[in-house]
Amino acid sequence: MQSVLISWLLFISIWAFAAMGYDKRQAKRKGQRIPEKNLWLLAILGGGIGAYLGMQLFRHKTRHTSFRVGFLMLAIAYGIAILYLLGLHIPVISEA
């Protein structure tokens, strides 16, 4: 089950990354764009890491605070989920 979830996160992240690159190219060419709600959907469904990396690499949607913060939070959440699924638990610092 864990390998299926990790595979899904990898697949959807690659898709989100490609979508960010495609949308940026279409923006430059003044072509048909991908609706923002679709970019968000890809990020929420597991593509947060790919969407964030695509946003940074292609410098796309970086002026939108909601994208900068939202995609970053999703990337962190999915990164933690992947570490958990791989069995790499992050130690929690507790106040003694």
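No value in this document is a laboratory result; all are computed from the given coordinates. Since we're looking at a predicted model, the values are computed, not measured.
Some points to look at:
- Estimated translational D of region 1-52 in µm²/s (Stokes, Kirkwood radius over Cα pairs; 25 °C; 0.890 mPa s): 219
- Relative to the longest principal axis of the Cα atoms of the chain, the long axis of helix 65-85 lies at roughly 40 degrees.
- Binning all Cα-Cα separations of the chain at 5 Å, short to long from zero, yields these whole-percent fractions: 3, 14, 22, 22, 14, 10, 7, 4, 2, 1, 0, 0.
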